[in-house]
Every structure is written in C-alpha cells, then in structure tokens.
1. Can you find a residue that is closer than 17 Å to Pro325 by Cα, at pLDDT 95 or above and out of contact with any Pro (no Cβ under 8 Å at 6 or more places or on another chain) anywhere in the range 182-203?
2. On the basis of being at pLDDT below 95 and of a type in the set (A, V, I, L, M), does Leu261 make the cut?
3. Among the candidates Gly267, Gly278, Gly290, which residue alone is touching a residue at least 24 places away in the same chain (Cβ under 8 Å) and in the same structural domain as Val187 (by TED's automatic domain parsing)?
4. Scan the range 94-113 for residues that are in a helix (DSSP H, G or I) and either free of Cβ contacts under 8 Å to residues at least 24 places away in the same chain or charged (D, E, K, R) (or both) and report the count.
5. Can you tell me how many residues in the range 36-67 are among the hydrophobic types (A, V, I, L, M, F, W, C) and surrounded by fewer than 17 Cβ atoms within 10 Å (Cβ to Cβ)?
6. I need a count of the residues in the range 215-237 that are within 17 Å of Lys205 (Cβ to Cβ) and free of Cβ contacts under 8 Å to residues at least 60 places away in the same chain.
7. Against the conditions (1) crowded, with 20+ Cβ neighbours inside 10 Å; (2) part of a strand (DSSP E or B); (3) of a type in the set (S, T, N, Q), where does Thr285 fall short? Just the number, please.
8. In the range 224-238, what residues are farther than 16 Å from Gly208 by Cβ and either of a type in the set (Val, Ile, Thr) or assigned to a helix (DSSP H, G or I) (or both)?
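The values are calculated or read from the model by the stated rules, or taken from the named source; none is laboratory data. As the structure is a computational prediction, the values presented were derived from the model and not from experiment. Neighbour counts are summed over all protein chains in view; Cβ atoms, including those assigned to glycine, are modelled from backbone coordinates with ideal geometry.
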Amino acid sequence: MALLRPAATALILILQLFTLSNAHNITKILAKDPAFSTFNHYLSATHLADDINRRQTITVLAVDNSAMNSILSKGYSLYTIRNILSLHVLVDYFGAKKLHQITDGSTSTASMFQSTGSATGTSGYVNITDIKGGKVAFGVQDDDSRLTAHYVKSVFEKAYNISVLHISQVLTSPEAEAPTASPSDLVLTAILEKQGCKAFSDMLKSTGADKTFQDTVDGGLTVFCPSDAAVGKFAPKFKALSAANKTALVLYHGMPVYQSLQMLRSGNGAVNTLATEGDNKYDFTVQNDGEDVTLETDVVTAKIMGTLKDQEPLIVYKVDTVLLPREIYKAVKKAAAPAPKSSKHKPKNAVADGPSADAPGADDDGEVADDKNGAVHVMIKGSSVLVSAIVWLCFGI
C-alpha cells in the first residue's frame, strides 16, 4: 500500500490541474437565482460572460431584474449596454469580508470598462467606500465619484478567485452611456493606432489590405496585431517581399469571424485567415497552455498578450511577434532529437520572393515554434495516456 501512495498523490494532482483549467462559469452561477436573469442574459449577449470566465481574479457587481430596467428603458444599443455592464466587472477580488476591511475606508479599483478602449483617464474606475452603520457604497469615479449604489448581499464567493456581489442600482457614467459606434462605423486603423499598433496599421494602409479588413468587420473580424517593436524588427524583411506577398502576410493577421478568447481556447486547431483562398491555405494553429493562447504557423509561434478592443463583431488582440505563413517562408522542421549547438551562420532558407527575404535567423524574435511548452501540451492532449501511466504505476499493469 505504501508504494501506491506516491502514484495516487500524482494522480490527484493531475486531476486537480485539469479541474483548474475549467475555472468558473458566471452564467451558471447567476442562473441559480432568477432575480438576476436579465443581468445574466445581457452578460451573455454582450459577450462579457466570456471575458469574466477567462479571468482568474474577478468581482461581479450584479443587479437584479428591477434595477436593470433603469437602463433598458432608455433604449441603449447593445454596445452601450456592454460598456455600462463593464463597469460592474472589477478586475480584483472583493468578498463580503474584504468590503469591510478596506484601508482608510475607501478604495478605487479598475473595472473592465477601463480596458475597452472607450474609457479615458480613470473613467473606468469604481470607488468602494465602507460607510457608517456597516454599509458599503459604490460609485463610478468619472461620475463625480457619487456613491449611487450600495451592497445588498454576497451571491457567490470562491476566495481570491471570483466574487459575485448583489448591489442595489446600476452603475452608470457619462462615458459608459455615450453612444457607441455600430460595427460599420468603426475605423479599424484608427482603433489600432489608438491602442498602440500604429506600425501594423501602417502596414495595412501601405498594402491596401485595410479595405479588406474594414469590409469584413460587419460579418465578424478577429485581428492579431503585432506590437510596434515586433513590426519594427521585421520591417527590413517586409520591405524585401513582393507586393503580393506583403498583402498576403498582412491579411494573414485577420480571421473573417469574431472569436473571443474563450472561443479560441475551446476551439483549438487550424483556422483560416483573410489570406486563405483556393489552394492557398494560409492557416495557422491555435493552441492553449492554461491561460496562455498561442498561434503556431510552423514558422513562428506568437503569443496573445492581451485584448485591445472587444466590440462584437470586432475583436483585436496584441501578439508578441509578426505571424509568418509557411506559404511565404519555409516551415521550420522540428528535430526529433536535441540539435547540436547552433552556429552563428544563418541557414539559407529561401522565400517565395527570393533570397532577399530569407526566413528569420536564430537571433530574430519568434523564428521557431518554441517547443519549451511541449511537455504541457502533450500532458493536456494526452491526458488519457498520463492517467493510464499512473494506473500502471499503482497496480503494475
């Protein structure tokens, strides 16, 4: 029996790992109380539920059906309702106990509205104040810091992970209630430049691909924007490409469908891009390792660093490297055994355009689909193999 204990412990740890990957589900939590059915419905309709579920630490300030009527009666668009409800999702943990232990009795914390791209300055911050008589009040910082709602009760708590608190009124602010542009009115290049992706925006304009991206917005568009630093490093190789390959490479950074981060996590596998046409696949593989999501092109592996804009049907992510398609660059062959120490000499990998646009060298960011997370990928994909191995350890079969 003593021999079985280490293996049994390992099995428990692995099962816990898989359980943690599921995180929480705000829709199921709120569905237990019909008093929050309207609030719950709009969290799903605006896709805020997906954003909440992917967070490790979050507080949701839920309002009941009667309180929701205060904003629904004003005829706001779904996009404006999303901004308003974003104020009710705090990116920190506040359980009932913590509300009454706030240092100096008052604090200000960021909401998800702060990261929408619509908030300016501190307009996406919520003030929480522990007032006399054991009551706790809430107000939006850009609304003259007026405390317009108070704490009613705790709905659900999982310490330091997720807290759902019932508050008395909807939190509103002039910025959150401002008319929000419909998808057809969104100018993608302006959004990219505002969110720190000017270099990629310039690539779109220079190739004329910005029109293709813009025309796709209404039907659903997911954009993967490389950081300015990544585009700057790649610029010499980009200039060496032909006009056709420049356009194809830029289009490779867009998917003609809206894909939230939760969707990307649950739908791992090959995906088409705006460059996909006929026999030209121009696809890449979406993979995840816990909270991290990567895009594997067979030439480079890019990691999603954050969400810059999420206004369905448009979502823009920032990635840490330029996506290089195998249709232009030769795919990197992964060695079965550890390769010898690399020399300073760069391999002569020809490009579809010719030798002037060689595949990135070993000292370039993201040259190879980094396999340092391979063990984790194998463990997640082959969970049945791992469990079988532990059963073998336990029972010797």
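1. yes
2. Judged against the criteria, Leu261 is a match.
3. None of the others qualify; the one that does is Gly290.
4. 4
5. Number satisfying all stated conditions: 1.
6. 5
7. Unmet for Thr285, out of (1) crowded, with 20+ Cβ neighbours inside 10 Å; (2) part of a strand (DSSP E or B); (3) of a type in the set (S, T, N, Q): (1).
8. Across the range 224-238, the qualifying residues are Asp228, Ala229, Ala230, Val231, Gly232, Lys233, Phe234, Ala235, Pro236, Lys237.
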